[in-house]
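Structure first, commentary second.
Bear in mind these aren't lab numbers, they're just calculated from the coordinates by the rules spelled out. Nothing here was measured: the structure is a model prediction, and the numbers come from that model. Positions of Cβ are backbone-derived with ideal geometry, glycine not excepted, and every protein chain shown enters the neighbour counts.
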Ligand code: FAD
């Protein structure tokens, strides 16, 4: 089993797409992530998995806060911006939820405080205690086999 085979297999798992946002010393930083999962209902916990090389990791460890923005089908460009797939710097306007930076127009904005961090291999799992949620009635962006997709024909 080589790295490519592992990546290809994991890419078969269709996911939504999120942008994780945090703020440190007045500066907002975002990163596209699909390694996101709900963990617990009582208390309300979620988990994200961030690579050790990602600049956002230390920022979240220091700020102890992050938001998960579940992107809508019309927000592929934001995913590409925060994944570094669009290189030219873009001005992105952020909203606030419970004082934390969030992206307007997302299907769901989930504001979190870091509850714990677990280093596993070359990623860190950050458990977030959910402090607030805002929802919009929109279709989600989908990612599978390394490509963006939109849901079609599902009711
Ligand atoms: P940077 O490379 O500094 O930032 C990423 C990009 O965001 C840069 O282009 C930067 O200009 C832009 N940006 C940041 N803040 C702002 C701002 N305030 N205003 C405007 N632009 C800004 N990696 C993981 O670790 N975990 C995952 O679960 C994961 N899932 C992914 C899912 C998908 C669909 C894709 C495409 C990528 C995923 N990645 C994941 C990879 C990750 O998104 C990239 O490696 C990312 O570039 C690493 O970000 P960074 O924190 O190092 O920040």
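May I ask you to compute the full-extension gain from residue 86 to residue 74, defined as 0.36 nm times their residue separation minus their alpha-carbon distance, rounded to one decimal in nm?
Fully extending the segment from residue 86 to residue 74 adds 2.7 nm.
Rounded, prolate or oblate: which one fits the range 74-155, using the alpha carbon gyration tensor with axes a ≥ b ≥ c (rounded when a/c is under 1.5, else prolate when a/b beats b/c, else oblate)? Since a/c stays below 1.5, the shape of the range 74-155 is classed as rounded. Length gained on full extension, residue 118 to residue 3, computed as 0.36 nm times the residue gap minus the Cα-Cα distance: 39.1 nm. The overall shape of the range 14-82 is oblate: from the C-alpha gyration tensor, with semi-axes ordered a ≥ b ≥ c, the ratio a/c is 1.5 or greater and a/b is no larger than b/c. Note on 112, 107: ascending count of other Cβ atoms within 10 Å places them as 107, 112, the fewest first. The residues 23, 88, 62, when put in order of fewest to most other Cβ atoms within 10 Å, stand as 88, 62, 23. Out of 86, 127, 20, any idea which swings most in a Gaussian network model of the chain, alpha carbons joined below 10 Å? Sorting by GNM fluctuation, first place goes to 86. Computed on the chain, with alpha-carbon pairs under 8 angstrom and 6+ residues apart, the relative contact order is 27 percent. Rounded if a/c is under 1.5, else prolate if a/b is larger than b/c, else oblate: which is the range 12-155, with a ≥ b ≥ c the root eigenvalues of its Cα gyration tensor? Cα axes put the range 12-155 in the rounded bin. In this structure, residue 37 and residue 136 have a Cβ-Cβ separation that, at R0 = 22 Å, corresponds to a calculated FRET efficiency of about 0.60.
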